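To keep things clear, I will list the structure first and then write my remarks on it.
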Amino acid sequence: MEMKLFESNSVSVSEIVDLGRTYCSPFLNFKNILGVKFSPQICACKGIVLKATCASTSDNTYLPEKAIGSIGQGKLSLSYRINGTSSRLYCSDNRVLHAFDDEYGGVIVDPERLPANPNAFVSILHASLSHWKNMGKKGVWLKLPVERSELVPIAVKEGFQYHHAEQGYLMLTYWIPEGPCMLPDNASHQVGVGGFVVNDKNEVLVVQEKHCAPASVGLWKIPTGFVLESEEIFSGAIREVKEETGIDSEFVEVIAFRHAHNVAFEKSDLFFICMLRPLSTQIIIDDLEIQAAKWMPLVDFVQQPLIQEDCMFKKIIDICIARLGERYCGLSAHKMVSKFDGQLSSLYYNVVQNQDFNCGAS
């Protein structure tokens, strides 16, 4: 608590209560503030100015005779009388969560400036929602770090809903206006990649995984995995090949992609087959995921029963073989900037330069 004496009869208080107190709670329980004693508690809320006249008692305790509320702007003013002299205490009242405006008429709560006390969070959150509603705000994004997980049930009880969770945080949302929520849902897809790597001997880089479904035991397959956040599709394929087999490679084209639904936790799945050109030959397997890896003749790879019995994967192999024979053109990545977001991103498309489908010209 910081105090400054402006005049002989005026005291300014930068903050009388900390975030440990509730938003609309016993606000004043002053004792021995500059030698003045206050025994009653007065309830104060954001934007409310309380004026209280205090009467002296024989033990120098000053009791308010009346309290009058009026609208203010983030300040609280307390008028009192000491030995017949009028004085006033001021304090700033930060009773709304720190937040930033988003570009859609909503707010994003600053996760770095949440109240330290859960009891304070209860009342400040409630008051913040009222404040944002009065301001005409729409959606509220509340990101709670994992170390502040004790605030989750408080937010849910206030009406927040789960949106998504990551290792370090949980995101909750609140829709203020009447009617259906217009906030975007959580990500609906996971993105996988497979690296189809063929060397100049017409051999395919294949692996056997340590952990797989019973139906896939013994299957030699291409290296696969998931794309990471902020990672390009082709970069993910190159990384997965390197991690599983130790082979360096470069991206040629996206040959095809599969779109499936209800794959993992009711999410949809996008799986991109990338043709890669090997830049090294020595295989060093990842002992955690991979049982074995090798260069396998393409004809032997195709003849595996599980591939012959799976019409989709057989079709993918047929497309890859057609690409090797330059009878098919996949999608190349082209870096471009869009004015909509100003971001450099990859646009995947093919360019056929002539009638013989020379994809190397793309």
Quiz item: Pairs, please: C-beta under 7 Å, at least 6 apart or cross-chain, first residue within 24 Å of residue 296 (Cβ to Cβ) and in the range 224-246, second open to solvent by less than 20 Å² (accessible area, probe 1.4 Å) and of a type in the set (Asp, Glu)?
Solution: 224/240; 225/240
Quiz item: What number of residues in the range 170-197 are surrounded by 13 or more Cβ atoms within 10 Å (Cβ to Cβ) and either over 17 Å from residue 274 (Cβ atoms) or small (Gly, Ala, Ser) (or both)?
Solution: 14
Exercise. Please go through the range 181-223 and pick out each residue that is without any contact (Cβ under 8 Å) to a residue 40 or more places away in the chain and among the polar types (S, T, N, Q).
Key: 186
Quiz item: Under 7 Å by Cβ, and 6 or more places apart or on different chains, what pairs join a residue from the range 288-303 that is of a type in the set (Phe, Trp, Tyr) with one that is surrounded by 12 or more Cβ atoms within 10 Å (Cβ to Cβ) and in a loop (DSSP other than H, G, I, E, B)?
Solution: 295/199; 301/220
Quiz item: Going through the range 243-252 one residue at a time, which ones are surrounded by fewer than 23 Cβ atoms within 10 Å (Cβ to Cβ) and acidic (Asp, Glu)?
Solution: 243, 248, 250
Practice problem: Among residues belonging to the range 212-225 that are part of a loop (DSSP other than H, G, I, E, B) and out of contact with any Leu (no Cβ under 8 Å at 6 or more places or on another chain), point out the one that is most open to solvent (accessible area, probe 1.4 Å). | Solution: 217
Quiz prompt | Complete set of residues in the range 103-145 that are in a helix (DSSP H, G or I), open to solvent by less than 30 Å² (accessible area, probe 1.4 Å) and not aromatic (Phe, Trp, Tyr) | solution = 120, 123, 124, 125, 127, 128, 129
Quiz item: Among the numbered criteria (1) surrounded by fewer than 21 Cβ atoms within 10 Å (Cβ to Cβ); (2) over 21 Å from residue 314 (Cα atoms); (3) of a type in the set (Asp, Glu), which single criterion is violated by residue 240?
Solution: (1)
Quiz item: In the range 261-279, which residues are farther than 24 Å from residue 322 by Cα and either surrounded by 13 or more Cβ atoms within 10 Å (Cβ to Cβ) or in contact (Cβ under 8 Å) with a residue 40 or more places away in the chain (or both)?
Solution: 263, 264, 267, 268, 269
Quiz item: Taking the range 245-280, which residues are outside any strand (DSSP E or B) and out of contact with any helix residue (DSSP H, G or I) (no Cβ under 7 Å at 6 or more places or on another chain)?
Solution: 245, 246, 265, 266, 279, 280
Practice problem: Could you name every one of the helices (runs of 4 or more DSSP H) located completely within the range 291-331 that has at least 1 residues being on the phi < 0 side of the Ramachandran plot, open to solvent by 30 Å² or more (accessible area, probe 1.4 Å) and among the basic types (Lys, Arg)? | Solution: 311-324
Quiz item: With respect to the numbered conditions (1) assigned to a helix (DSSP H, G or I); (2) of a type in the set (A, V, I, L, M, F, W, C); (3) within 30 Å of residue 299 (Cα to Cα), which one is the sole condition not fulfilled by residue 154?
Solution: (3)
Quiz item: How many residues, within the range 160-175, are over 16 Å from residue 106 (Cα atoms) and assigned to a loop (DSSP other than H, G, I, E, B)?
Solution: 3
Quiz item: Looking at 203, 209, which one is crowded, with 17+ Cβ neighbours inside 10 Å, over 19 Å from the mean Cα position of the chain (by Cα) and at pLDDT below 95?
Solution: 209
Quiz item: List, please: which pairs have Cβ atoms under 9 Å, are six or more places apart or on different chains, and start with a residue in the range 136-153 that is farther than 19 Å from residue 107 by Cβ and polar (S, T, N, Q) and end with one that is open to solvent by less than 40 Å² (accessible area, probe 1.4 Å) and assigned to a strand (DSSP E or B)?
Solution: 149/170
Quiz prompt | Of the criteria (1) surrounded by fewer than 18 Cβ atoms within 10 Å (Cβ to Cβ); (2) touching a Ser or Thr at 6+ places or on another chain (Cβ under 9 Å); (3) part of a helix (DSSP H, G or I), which one residue 228 fails | solution = (3)
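The values are calculated or read from the model by the stated rules, or taken from the named source; none is laboratory data. Keep in mind that what you see is a predicted model, and the values were worked out from it rather than measured. All Cβ positions, glycine included, derive from the backbone under ideal geometry; neighbour counts span all protein chains shown. Ligands, DNA and RNA are stripped out before the accessible areas are found, and what is left, the full protein with its side chains, is counted by its heavy atoms. Shrake-Rupley method; radii C 1.70, N 1.55, O 1.52, S 1.80 Å.
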